[in-house]
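Notes follow once the structure below has been shown.
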Amino acid sequence: MKTNQTFLSSIRRLMFLSVLLSFAMSLAAQDGGPITLEKKRYVQSGQVLKAPDFKTLLATNPATSADYQAYKTNSTIGGVFLATGGICVCATGALMLASSIHDAQALDEGDLDGVSSSYAPT
């Protein structure tokens, strides 16, 4: 159990550092002046940057526009896979619940033929 937690912790750290590094690299490629972190806000040339500003900077900068388009495409594809997986997990849970309810009702009625083999007494 400890090794799994250690492994997950190192994976989380690695993912965080890679996201932070890619974010820092994309910000460093901007031409509008350096972007600094002041009081938990990103500031460029005295102006506080918000999420829409980052999108605009990434989309309009020739150095980052191709990467930004790839991000948008990958994000869309990832969202589709995420939604599909969520639907499959919910559907499987609903089917298993229905099967368990059916087996419980069959056991209550004394019908051992309608029960899955794992629930039938030996």
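The values are calculated or read from the model by the stated rules, or taken from the named source; none is laboratory data. Note that the structure is predicted; figures quoted are calculated from it, not measured. Glycine also receives a Cβ, built like all others from the backbone with ideal geometry; neighbour counts cover every protein chain displayed. Accessible surface areas use protein heavy atoms only, side chains included; no ligands, DNA or RNA. Shrake-Rupley method; radii C 1.70, N 1.55, O 1.52, S 1.80 Å.
Taking R0 as 22 Å, what's the FRET efficiency between Arg41 and Phe16 from their Cβ-Cβ distance, rounded to 0.05?
E(calc), rounded to 0.05, equals 0.65.
Å³ per residue of the Cα convex hull, for the stretch 13-106?
Spelled out: Cα convex hull of the stretch 13-106, divided by residues, is 152 Å³.
Contour minus end-to-end for Thr84 and Asp67, with contour as 0.36 nm per residue of separation and end-to-end as the Cα-Cα distance? All intermediate terms of the calculation are to be shown ahead of the outcome.
Working: separation 17, 0.36 × 17 = 6.12 nm, distance 2.56 nm.
Using 0.36 nm per residue and subtracting the Cα-Cα distance, I get 3.6 nm.
Would you work out what percent of the accessible area of the stretch 44-88, with all protein chains in place, is carbon or sulfur (probe 1.4 Å)?
Numbers: 2120 of 3210 Å².
Exposed carbon and sulfur together represent 66 percent of the surface.
Calculate, in nm to one decimal, what Asp111 and Phe23 gain on full extension: separation in residues at 0.36 nm each, minus their alpha carbon distance.
Contour length minus the Cα-Cα distance gives 25.5 nm.
On full extension of the chain, what length is gained from Lys50 through Ala104, given 0.36 nm per residue of separation minus the C-alpha to C-alpha distance?
Stretched fully, the Lys50-Ala104 segment lengthens by 14.0 nm.
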